[in-house]
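J.: Handing you this structure, nothing more for now.
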Amino acid sequence: QVQLVESGGGLVQPGGSLRLSCVASGSLFTLMFMKWYRQAPEKERELVAAISTGGSTNYADYVKGRFTISRDNNKKTVYLQMNSLKAEDTAVYYCHARNILTSETYWGQGTQVTVSS
């Protein structure tokens, strides 16, 4: 069983930055395809960014050029650097992991990001 623990959320003004972290338990992090999702109030959960086991990245169009996903396998951590934040980025951000060998998936508990002046 893998546990994911997110941190780094908070309140930030428009135009500001935050860095989210997601730490994974266990020893299989290098086999995990990692993603960040978000869910705003009364909206469906949506994919924000993804990073493969080899470090290839993909982004939703609405965060391209502003957000950067990265991973540190030694620390078993995936990051989401968020710059030029907008009010519409306000949401709970979730970390997601998929084991590329077994297809087992895991979710973190989420961290709140609020962009407001």
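J.: Give the residues of region 31-62 that are modelled with pLDDT under 95 and under 15 Å from T105 (Cα atoms), sorted by residue number.
T.: If the condition is that a residue be modelled with pLDDT under 95 and under 15 Å from T105 (Cα atoms), then no residue fits.
Residues are listed down the side, and each one gets a yes or a no for (1) within 17 Å of S7 (Cβ to Cβ); (2) touching a His at 6+ places or on another chain (Cβ under 9 Å); (3) open to solvent by 20 Å² or more (accessible area, probe 1.4 Å):
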position: T30; (1), (2), (3): no, no, yes
position: M34; (1), (2), (3): yes, yes, no
position: R38; (1), (2), (3): yes, no, no
position: K43; (1), (2), (3): no, no, yes
position: Y59; (1), (2), (3): no, no, yes
position: R71; (1), (2), (3): yes, no, yes
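J.: Given the structure, is G108 small (G, A, S) and in contact with a strand residue (DSSP E or B) (Cβ under 8 Å, 6 or more places away or on another chain)?
T.: Numbers: small (G, A, S): yes; in contact with a strand residue (DSSP E or B) (Cβ under 8 Å, 6 or more places away or on another chain): yes.
For G108, the condition - small (G, A, S) and in contact with a strand residue (DSSP E or B) (Cβ under 8 Å, 6 or more places away or on another chain) - is met.
J.: Something else now. Please state which of the following conditions V5 fails to meet, knowing it meets all the rest: (1) in a strand (DSSP E or B); (2) open to solvent by 40 Å² or more (accessible area, probe 1.4 Å); (3) without any contact (Cβ under 8 Å) to a residue 60 or more places away in the chain.
T.: Just one mismatch for V5, condition (3).
J.: Still on this structure: Looking only at region 10-26, which residues are over 16 Å from R38 (Cα atoms), surrounded by 13 or more Cβ atoms within 10 Å (Cβ to Cβ) and not small (G, A, S)?
T.: V12, P14, V23
J.: Can you pull out the strands (runs of 3 or more DSSP E) entirely within region 36-117 that have at least 1 residues that are farther than 18 Å from S21 by Cβ and either in contact with an Asp or Glu (Cβ under 6 Å, 6 or more places away or on another chain) or free of Cβ contacts under 8 Å to residues at least 60 places away in the same chain (or both)? Outline the logic, then answer.
T.: Working: elements: 46-51, 57-59, 67-72, 77-82, 91-99, 105-107, 111-115.
Qualifying strands (runs of 3 or more DSSP E): 46-51, 57-59, 105-107, 111-115.
J.: In region 73-102, which residue that is hydroxyl-bearing (S, T, Y) and surrounded by fewer than 17 Cβ atoms within 10 Å (Cβ to Cβ) is farthest from the chain's Cα centre (by Cα)?
T.: Here is the first cut: in region 73-102, the residues hydroxyl-bearing (S, T, Y) are 77, 79, 84, 90, 93-94, 102.
From the residues that got through so far, the ones that are surrounded by fewer than 17 Cβ atoms within 10 Å (Cβ to Cβ) too are 84, 102.
Numbers: S84: 16, T102: 21 Å.
It comes out as T102.
J.: Another one. Return the residues of region 47-56 that are under 17 Å from Q81 (Cα atoms) and open to solvent by 60 Å² or more (accessible area, probe 1.4 Å); say none if nothing qualifies. Break it down into steps so the answer makes sense when it comes.
T.: Initial filter on region 47-56 (under 17 Å from Q81 (Cα atoms)): 47-52, 55-56.
Across region 47-56, the qualifying residues are L47, S56.
J.: If you don't mind, another one. Is it the case, given these coordinates, that L4 is modelled with pLDDT of 95 or more and out of contact with any Gly (no Cβ under 7 Å at 6 or more places or on another chain)?
T.: It is false that L4 is modelled with pLDDT of 95 or more and out of contact with any Gly (no Cβ under 7 Å at 6 or more places or on another chain).
J.: Within region 72-93, can you find the residues that are under 13 Å from A24 (Cα atoms) and in contact with a strand residue (DSSP E or B) (Cβ under 8 Å, 6 or more places away or on another chain)?
T.: D72, K75, K76, T77, V78, Y79
The values are calculated or read from the model by the stated rules, or taken from the named source; none is laboratory data. Being a predicted model, the structure only gives us computed values, none of them experimental. Because the Cβ atoms are built from the backbone with ideal geometry, glycine has one as well, and the counts that use them run over all protein chains shown. With ligands, DNA and RNA removed, areas are computed over all heavy atoms of the protein, side chains included. Shrake-Rupley method; radii C 1.70, N 1.55, O 1.52, S 1.80 Å.
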